[in-house]
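Following: one structure in structure tokens, then a few remarks.
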Amino acid sequence: MMKKNILGIAEFIIAALLTVGSVTFFKACGEHEGKFMACHWAQNAVTLIGIVITLLALLRIILKNSGIKAGLAIGVFLTSVSVIFIPNNVISLCMMDSMRCHTTFKPAVIVIASVLGALAVVDSILGIIKTGKSNEDK
């Protein structure tokens, strides 16, 4: 059972890292003079999508059908790729490139989401192949 779900478990762990990390150790800039900077909203968007990816990965582990697992892996891939574009493309970050949102938050989101996306695309391909083989056996 564990062997069959190793990719799903890895996706779950990396998605949880993205979610938890976005509000803890690589979070964007904090409150400034009683206001939140634009990067705060980018952080919130990454956190929200991270939660969705984490839930998709959890479903990927729990469910048994290989076709559904492949579909969930595709969903993880697509949402992971979308997260890459949130910081400074979809939602602006602070004006100064030396701010935490540029030096820590954005690179961490890009790297973690890229690793997650690469893992999910491999999982998707393997799942599609497995589903195709099981359909041929019928």
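With a sphere of radius 12 Å drawn around the Cβ of ALA73, what net charge do the other residues whose Cβ falls strictly inside it have (Lys, Arg +1; Asp, Glu -1)? Mind showing how you got there, number by number?
On the way: positive: ARG60, LYS69, LYS130; negative: GLU11, ASP123.
Overall, the nearby charge balance is +1.
Taking 23 Å as the straight-line reach from the Cα of LYS4, the lysines in range (excluding those fewer than 8 positions away in the same chain) are LYS64, LYS69, LYS130, LYS133, LYS138. Considering only alpha-carbon pairs that sit under 8 angstrom and 6 or more positions apart, the relative contact order computed for the chain is 32 percent. Converting phi to 3J(HN,Hα) with the Karplus coefficients 6.51, -1.76 and 1.60 and the offset θ = phi - 60°, the stretch 105-115 yields 4, 4, x, 5, 4, 5, 5, 5, 5, 5, 4 Hz in sequence order, with x at every glycine or proline.
Of the labelled figures [x] 23, 17, 15; [y] 34, 12, 11; [z] 33, 17, 10, only one reflects semi-axes √(5λ) of the Cα gyration tensor in Å as derived from the coordinates, namely [y].
How big is the charge dipole of the stretch 17-138 about its Cα centre, in debye rounded to the nearest 20, if each Lys and Arg gets +1 on its Cβ and each Asp and Glu gets -1 on its Cβ?
On the way: 10 positive and 6 negative charges, 69 e Å.
That gives a dipole near 320 debye.
Taken together, the values in this text are just the output of simple stated rules run on the coordinates, not laboratory data. Just so we're clear, the structure is a prediction, and the values are computed from it rather than from any experiment. Positions of Cβ are backbone-derived with ideal geometry, glycine not excepted, and every protein chain shown enters the neighbour counts.
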